[in-house]
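One structure below.
The values are calculated or read from the model by the stated rules, or taken from the named source; none is laboratory data. Remember, it's a predicted structure, so these values are computed and weren't measured experimentally. Neighbour counts are summed over all protein chains in view; Cβ atoms, including those assigned to glycine, are modelled from backbone coordinates with ideal geometry. Just so you know, the surface numbers come from the protein's heavy atoms only, side chains and all, with ligands and any DNA or RNA stripped out. Shrake-Rupley method; radii C 1.70, N 1.55, O 1.52, S 1.80 Å.
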Amino acid sequence: MTRRRFVIFAHWVTAFLLAVLLIEGPSAAPWLTYAFAGLTGLWFVSYVVGRGPLGTPGPRLVGALRTIHRLQHHALYVVMAIAALASVTVLEASSTGRALTVLLFLGLLHGTFHLWRHTALFDGALRMILPRFMHGIL
């Protein structure tokens, strides 16, 4: 599996697992918690080994938006690692829930930013992260 395919897979499976963990709670299904932590851990390792995020700002993002693009990706990886660690360590449930909620909120902001890029700048931002079979709906 290429790094790009792994990152696409990790985006969507992590989003699903995050939603389930927020609905059910980390203690309700321990195997989901470990799946979430394992997948996000592998994703974080690919970020570190690959020396940063996979995506680039692209030529249509200019000025402060280029900086925001890089910073938001770095911040998301750090928050994702914190949420994964919080979900599997013996922290009180409220702090784990907070970490997962912060990750969800930042993930939604991240998705909104890329949706804006795709629709306002027409730079194909969603094409980079959606599986190929979904490109026809874009």
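Does the range 19-28 contain any residue that is over 10 Å from the mean Cα position of the chain (by Cα), closer than 24 Å to ARG132 by Cα and modelled with pLDDT of 90 or more? Scanning the range 19-28, I find at least one residue that is over 10 Å from the mean Cα position of the chain (by Cα), closer than 24 Å to ARG132 by Cα and modelled with pLDDT of 90 or more, so the answer is yes.
How many of the residues making up the range 10-25 are on the phi < 0 side of the Ramachandran plot and open to solvent by less than 100 Å² (accessible area, probe 1.4 Å)?
The number of residues fulfilling the criteria is 11.
Within the range 16-34, the set of residues being touching a residue at least 12 places away in the same chain (Cβ under 8 Å), in a helix (DSSP H, G or I) and under 12 Å from LEU100 (Cβ atoms) comprises LEU17, LEU18, ALA19, VAL20, LEU21, LEU22, LEU32, THR33. Scanning the range 99-138 for residues that are in a helix (DSSP H, G or I), farther than 21 Å from VAL13 by Cβ and modelled with pLDDT under 85 returns a single hit, GLY136.
Of all the criteria given as (1) within 13 Å of the chain's Cα centre (by Cα); (2) free of Cβ contacts under 8 Å to residues at least 60 places away in the same chain, the one not satisfied by ARG70 is (1).
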